[in-house]
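Student: Below is a structure I'd like to ask you about.
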Amino acid sequence: MRIRGYVARIWAVAKKDMRIYYLKGPVVIFGMLIPAFLYLAYAVGRNITPQQAIPGIMSMTVFFTSTSVGPVIMPWEARSRTLERLLSSPVNMSMILLGDAAASATFAVALTTAVSLVGLSLKVCTFRLAILAFNLVASALCYSFLGLAMSAYPSDVPATVMMLSSLVKFPMVFISGIFIPIEVMPTPLKMLSLLSPLTYTTELFRASVGLNVQVAPRFAALILAAYTAAVTYVTMRLHKATLSRRFQ
Amino acid sequence: MSRGFEIEFIRRAIHKVYELTARMLPVEVQWLSSDVVKAERLTKRFGELVAVDHVTFTVSKGEVFGFLGPNGAGKTTTIRMLIGILRPDGGRAEVLGLDVEKNGLEVRNRIGVVPEASNVYPDLTVWQNLMFMAELYMVPKQVRKERATNLLEKLGLERFRDVRAGRLSKGLRQRLLLCTALIHEPELLFLDEPTSGLDVQSAHEIRRMLKEMNREHGVTIFLTTHNLREAEEMCDRIGIINRGKLVTISTPTELKEKFAGLRCVEVVFEKDVSPEELSKALGCEVEKRERTLRLYVDDVNECVCKVVDYSKRSNTRITSLNVVQPSLEEAFLRVIGS
């Protein structure tokens, strides 16, 4: 099968996901409302300048939106019994996951771009576009696959997978420099924060608005790209490994 | 060398020569002469459970092949392996001349599937469901709409075109599923209980459509069903699987003759006759169902003569006398029971 065929099928899956899942309840709640309220709860009443706030909001947005679509798709499709029909057509699990990730990443890029446009229109910050664009795309893909990795657990209950993903997502938010800057963290936490890809996303967003950073942008970009590749590979392996359990 | 071994050796040699020659032919000609489905010692285990156990069979081009078995017998797992969504633990499957494990995408691109536990996308409209599948099967854009419109018309779905699939009745959803399996005009159809849970009219409509496709377009159909009348009506050959093992493959008529075993004669006498008395007089198994006595015999003609003799001897008039044909259901139950 030619590359064009692969891409067309992946895009068809992505379009289907966009039509069906963008406005599902769990996506709206976990992807938009929770990060917005979480950040407001943190920022209101504190002395944070808009320039300092924007990178944090963007990190939260890209992270929560891209991890909100992925965990919903597989259990939803398993429950509505459409997954087997999809797998019976000329697509394989890798193509389905790439389509799902594309839909999820597009959602994250669109919403995060909207946040950055708000920042620009209010003239609270200017962006270094190359860093911003790379960070947006790499982060959106990385967290989309991370969200999909959670749904490798062969459950047909979206709430179970969302709960599982929350267990991973919330600790990541607190160790990744969104609420507490890395430089003021105690050393063990600082070490832990370096293990989280979200740290590099936040650092790159800070770099893109010209704030001080702890990790050099090039290094952060490299780490983020490596994380994206690794998470993509692991997600595909996990789903292939658990596929037969879905049909037991 | 034993005679059996010689025959097996010659058979294999002929098969090998045939396979090699068939591969040298152009693709279009190959399909005139080969089986479209080949399962060779196909095996699948789920932990300790052997779901499919060394299943071997072939399905010829243009055939309607029925795959029957009780729940959990391994029918669906076999189909999943044949279409390449489950990897077998042993054996191999070939569909349309292609190794399923190596060419899963290519195989699925040329077949149509209606899986057992499947559904259309309830959040998409009937039309969107069809267009999505047309995109996946890479149906050219120029013919996509025309083909979808024709299918909707044929299956009586045209007035539901813009209705969300989740709002359709089960029968209509099943018709839509069939439409999505046909949008790319497949050469081979795998249907896993396509009429299960449908009302009589919808089931009849789907059967009619399938028969028409098989007759007029030569589409090969691999069908699993629990409805034995449906299997008898539609299938050229039937394979029966039980506990993962393929028990038998035959035509419905052969199956009935081979496994239904005893024929049955039904007789009603004017007076009440006890089954024990009749059984003693005729020397066969007799069962009483209300006023009807069912006689299970090997030779129907001989039995009818004996019944007439008995009637004369005991001065009891016969009200009705019928020879009951063995049913596929009886044959199926005997195969599964054995």
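The values are calculated or read from the model by the stated rules, or taken from the named source; none is laboratory data. Since this is a predicted model, take the numbers as computed values, not measurements. Here the Cβ is made from the backbone with ideal geometry for all residues, glycine too, and neighbour counts use every protein chain on show.
Student: Among the numbered conditions (1) surrounded by fewer than 22 Cβ atoms within 10 Å (Cβ to Cβ); (2) at the interface with chain B (Cβ under 10 Å from one of its Cβ atoms); (3) out of contact with any Pro (no Cβ under 8 Å at 6 or more places or on another chain), tell me where A:T113 comes up short.
Tutor: Checking A:T113 against (1) surrounded by fewer than 22 Cβ atoms within 10 Å (Cβ to Cβ); (2) at the interface with chain B (Cβ under 10 Å from one of its Cβ atoms); (3) out of contact with any Pro (no Cβ under 8 Å at 6 or more places or on another chain), the one that fails is (2).
Student: For segment B:79-98, which residues satisfy the criterion of being within 12 Å of chain A (Cβ to nearest Cβ) and either within 18 Å of B:E63 (Cα to Cα) or crowded, with 20+ Cβ neighbours inside 10 Å (or both)?
Tutor: Going residue by residue through segment B:79-98, those that are within 12 Å of chain A (Cβ to nearest Cβ) are B:79-89.
Residues satisfying the conditions are B:I79, B:R80, B:M81, B:L82, B:I83, B:G84, B:I85, B:L86, B:P88.
Student: Contact list please: Cβ distance under 6 Å, first residue in segment A:110-127 and over 18 Å from A:I48 (Cβ atoms), second residue at pLDDT 75 or above, pairs at least six apart or on different chains.
Tutor: The qualifying pairs are A:L111/A:T61; A:L111/A:T65; A:T112/A:M58; A:T112/A:T61; A:T112/A:V62; A:T112/A:L136; A:F127/A:S208.
Student: Ok, one more. Of all residues in segment A:178-194, how many are without any contact (Cβ under 8 Å) to a residue 60 or more places away in the chain and surrounded by 12 or more Cβ atoms within 10 Å (Cβ to Cβ)?
Tutor: We begin by selecting, within segment A:178-194, every residue without any contact (Cβ under 8 Å) to a residue 60 or more places away in the chain; these are A:180-194.
Checking which are surrounded by 12 or more Cβ atoms within 10 Å (Cβ to Cβ) leaves us with A:180-182, A:185, A:189-190, A:192-194.
Selection size over segment A:178-194: 9.
Student: Given the criteria away from chain A (no Cβ under 13 Å) and within 14 Å of the chain's Cα centre (by Cα), does B:S60 qualify? Outline the logic, then answer.
Tutor: Values: away from chain A (no Cβ under 13 Å): yes; within 14 Å of the chain's Cα centre (by Cα): yes.
Yes.
Student: Restricting attention to segment A:214-248, report how many residues are surrounded by 13 or more Cβ atoms within 10 Å (Cβ to Cβ) and touching a residue at least 40 places away in the same chain (Cβ under 8 Å).
Tutor: Within segment A:214-248, residues that are surrounded by 13 or more Cβ atoms within 10 Å (Cβ to Cβ) and touching a residue at least 40 places away in the same chain (Cβ under 8 Å) number 18.
Student: I would also like to ask the following. Restricting to segment A:76-98, name every residue that is more than 7 Å from every other protein chain (Cβ to nearest Cβ), surrounded by fewer than 24 Cβ atoms within 10 Å (Cβ to Cβ) and not aliphatic (A, V, I, L, M).
Tutor: The answer is A:W76, A:R79, A:S94.
Student: Taking segment B:105-115, which residues are at the interface with chain A (Cβ under 8 Å from one of its Cβ atoms) and surrounded by fewer than 21 Cβ atoms within 10 Å (Cβ to Cβ)?
Tutor: B:L105, B:E106, B:N109
Student: Would segment A:133-153 turn up any residue that is at pLDDT below 85, over 12 Å from the mean Cα position of the chain (by Cα), surrounded by 17 or more Cβ atoms within 10 Å (Cβ to Cβ) and not basic (K, R)?
Tutor: Kept after step one, since they are at pLDDT below 85, are these residues of segment A:133-153: none.
For segment A:133-153, residues at pLDDT below 85, over 12 Å from the mean Cα position of the chain (by Cα), surrounded by 17 or more Cβ atoms within 10 Å (Cβ to Cβ) and not basic (K, R): absent.
Student: Run A:R206 past the list (1) surrounded by fewer than 23 Cβ atoms within 10 Å (Cβ to Cβ); (2) out of contact with any Phe, Trp or Tyr (no Cβ under 7 Å at 6 or more places or on another chain) and report the number of the one that doesn't hold.
Tutor: Among (1) surrounded by fewer than 23 Cβ atoms within 10 Å (Cβ to Cβ); (2) out of contact with any Phe, Trp or Tyr (no Cβ under 7 Å at 6 or more places or on another chain), the lone unmet condition for A:R206 is (1).
Student: Which residue, of A:V27, A:V62, is among the aliphatic types (A, V, I, L, M), within 30 Å of A:L122 (Cβ to Cβ), in a helix (DSSP H, G or I) and within 14 Å of chain B (Cβ to nearest Cβ)? Can you show your working first?
Tutor: Values: A:V62 fails: within 14 Å of chain B (Cβ to nearest Cβ).
Residue meeting the stated conditions: A:V27.
Student: Any chance segment B:141-150 includes a residue that's more than 14 Å from chain A (Cβ to nearest Cβ) and surrounded by 22 or more Cβ atoms within 10 Å (Cβ to Cβ)? Don't jump to the end; show me each part of the working.
Tutor: At the first step, the residues of segment B:141-150 found to be more than 14 Å from chain A (Cβ to nearest Cβ) are B:142-143, B:145-150.
So of that shortlist, the ones also surrounded by 22 or more Cβ atoms within 10 Å (Cβ to Cβ) come out as B:148.
Yes, there is a match, as at least one residue in segment B:141-150 is more than 14 Å from chain A (Cβ to nearest Cβ) and surrounded by 22 or more Cβ atoms within 10 Å (Cβ to Cβ).
Student: Scan segment B:107-160 for residues that are among the basic types (K, R) and closer than 25 Å to B:T225 by Cβ and jot them down.
Tutor: Once the filter is applied, which keeps residues that are among the basic types (K, R) and closer than 25 Å to B:T225 by Cβ, segment B:107-160 yields B:R108, B:R110, B:K154.
Student: Here is a further query. Being surrounded by fewer than 14 Cβ atoms within 10 Å (Cβ to Cβ) and free of Cβ contacts under 8 Å to residues at least 40 places away in the same chain is the filter here, so list the residues in segment B:263-284 that pass it.
Tutor: If we filter segment B:263-284 for residues that are surrounded by fewer than 14 Cβ atoms within 10 Å (Cβ to Cβ), which is where we start, we get B:270-272, B:274, B:276-277, B:280, B:283.
Those that are surrounded by fewer than 14 Cβ atoms within 10 Å (Cβ to Cβ) and free of Cβ contacts under 8 Å to residues at least 40 places away in the same chain: B:D272, B:S274, B:E276, B:E277, B:K280, B:G283.
Student: Specify which of the listed residues (A:I73, A:I34) is surrounded by fewer than 23 Cβ atoms within 10 Å (Cβ to Cβ), closer than 28 Å to A:L97 by Cα and either within 14 Å of chain B (Cβ to nearest Cβ) or touching a residue at least 12 places away in the same chain (Cβ under 8 Å) (or both).
Tutor: Values: A:I73 fails: surrounded by fewer than 23 Cβ atoms within 10 Å (Cβ to Cβ).
After applying the criteria, what remains is A:I34.
Student: Select the helices (runs of 4 or more DSSP H) contained entirely in segment A:152-248, then report the ones holding at least 2 residues which are within 30 Å of B:V52 (Cβ to Cβ) and among the polar types (S, T, N, Q).
Tutor: Numbers: elements: A:158-175, A:187-193, A:197-208, A:217-246.
Passing ranges, in order: A:217-246.
Student: Let me ask something additional. Looking only at segment B:285-338, which residues are closer than 28 Å to B:N242 by Cα, in contact with a Lys or Arg (Cβ under 8 Å, 6 or more places away or on another chain) and surrounded by fewer than 14 Cβ atoms within 10 Å (Cβ to Cβ)?
Tutor: Passing the criteria: B:D298, B:Q325.
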